[in-house]
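The values are calculated or read from the model by the stated rules, or taken from the named source; none is laboratory data. Keep in mind it's a predicted model, so treat the numbers as computed, not measured. Cβ placement follows ideal geometry from the backbone for every residue including glycine, while neighbour counts extend to all protein chains displayed. Heavy atoms of the whole protein, side chains included, go into the accessibility calculation; ligands, DNA and RNA do not. Shrake-Rupley method; radii C 1.70, N 1.55, O 1.52, S 1.80 Å.
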Amino acid sequence: MKEILAYIEQKKHEFSQLPFFDYLRDQSISPMQRLAFAPCAAPFVMSFGELNRSVFRDEPTDDPIQKIINKHTYEDDHHWIWFLEDLEKLGLNPSEPFTNTLRFLWSEKTSVSRYVINELYKLVSRASPIEKLVIIEATETTGNVFLSVSSAVVKELQLHLQSEYRYFGSSHLIVDTGHTYCSPAARKTIEDINLDDKTKEEYIALVKHIFSIFSELTYEFLNYSDPDRISTQENVSENYDYLIIGAGPAGLQLGYFLGSMGRKYIILEAGESSGTFFKKFPRHKKLISVNKRYTGYDDPEINLRWDWNSLLSDSQEMRFTNYSKDYFPYTDRLVEYFNDFSNHFDLNIKYNCKVDKILKDKEFTVTDSQGNLYTSSRVIIATGLSKAYLPEIPGIELAENYTDVSINPEDFTNQKVLIIGKGNSGFE
């Protein structure tokens, strides 16, 4: 578990550099204005106590990890009371008709706040005690960053107003250490948890997701407090007609045609090259899409009916049939082809660029994991299938998944095998 905790510390540093925290640190802006985002946090804050009481907490239990979690939930389940007190002291409790309050709470202004708490409910409700622990550690770390900065703002405010702010101030920071463990024994119990490599990868992905959704929340806060600041950030890139997410075959094909028509576009790709999906799938590294090089016809349009892998272009040179003679080609040749295609047509692709957030007002604002912002009239998702479909069959968790099952034939010698599903993976 030490590796997971170390990774959380690494993400903590990245999280602390987000534009929202720069905004909170900006002493040229009045402390009241910097804390004006507070109403936007209401859906999350008011639901977080219930999340601790009803979802994180599980009593009675003999599980030592769950016992640590349970103890933590009793500390975290009542902070919403402090939040209400601070709203009052900050003058953010106007007298409004109840219907106006409801409209605000379910408006676009609080959509990410609602999304984050709903996502946490979903993740925690199906989590094991150790998974809950990972979620809490990542969540508490984001909270620790937030409170470290907000308490400094409150300290400035207290130079003029002699009020105690229990939610945004230092008293909350003191009790919220950023960890579930509150004793050396609990810390040792957590650090000594042994995880296999596959589980470590899953928990790393979980931590990334937690930090990603809380990063989205900070942009909502910033947009609520100072909407002009997002559009004036130094890391805003040019405005595009089209922004495409994913440099697989769909993204490359879109890029080709948009470029051919003189449209201003950009493709954002999380991987280090085009077609990264095919570096992992199909598992046997062989395509089931046919590559018939000779058809008996001279018409290029007719020949494309038996060429299931080429991207459309005006170049006969950039046909996949020039890359492999195999009727069912290997995936490494397809990845090579995709990257040659993107280079040949000089497609506008930014690699190692993971999208963290998409917002829409008059146009789209897209934020990547490095905090860079992109604006575009249209956003096209071309990421393909990212999550395996598991049918709701009782006992499905006992079956092996396509993504993990052995591909060594010897492991199936004299075995009876049942395949559920006859899509591409099943046929493979």
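Descriptive notes on the structure:
- Sequence ranges 417-424, 238-245, 72-79, ranked by mean other-Cβ count within 10 angstrom, highest first: 238-245, 72-79, 417-424
- Here the peptides 130-138, 189-197, 331-339 are ranked by packing, the mean other Cβ count within 10 Å, and the order with the highest first is 130-138, 331-339, 189-197.
- Highest average first, the peptides 257-270, 29-42 ordered by how many other beta carbon atoms sit within 10 Å of their residues are 29-42, 257-270.
- Under 17 Å from Lys325, Cα to Cα: lysines that are on another chain or at least 8 residues apart: Lys285, Lys286, Lys292
- The residues of the chain expose on average 55 square angstrom of accessible surface per residue, using a 1.4 Å probe on protein heavy atoms.
- Answer label for log10 I(q)/I(0) by the Debye sum over Cα atoms at q = 0.08, 0.11 Å⁻¹ (calculated), chosen among [x] -0.48, -0.89; [y] -0.59, -1.01; [z] -0.69, -0.94: [y]
- Distances between placed amide hydrogens fall under 5 Å for Ile244 paired with Ile266, Ile267, Leu268, Ile380, all partners being 5 or more residues away or on another chain.
- Look at the alpha carbon pairs under 8 Å that are at least 6 residues apart: their mean separation over the length of the chain gives a relative contact order of 17 percent.
- Using a probe radius of 1.4 angstrom, the carbon and sulfur fraction of the accessible surface of segment 67-192 is 58%.
- Shape class for segment 1-155: oblate, because the ratio a/c of the largest to smallest gyration tensor axis (alpha-carbon atoms, square roots of eigenvalues) is 1.5 or more and b/c is at least a/b.
- For the chain, the dipole from Cβ point charges (+1 on Lys and Arg, -1 on Asp and Glu) about the Cα centre works out to 500 debye, to the nearest 20.
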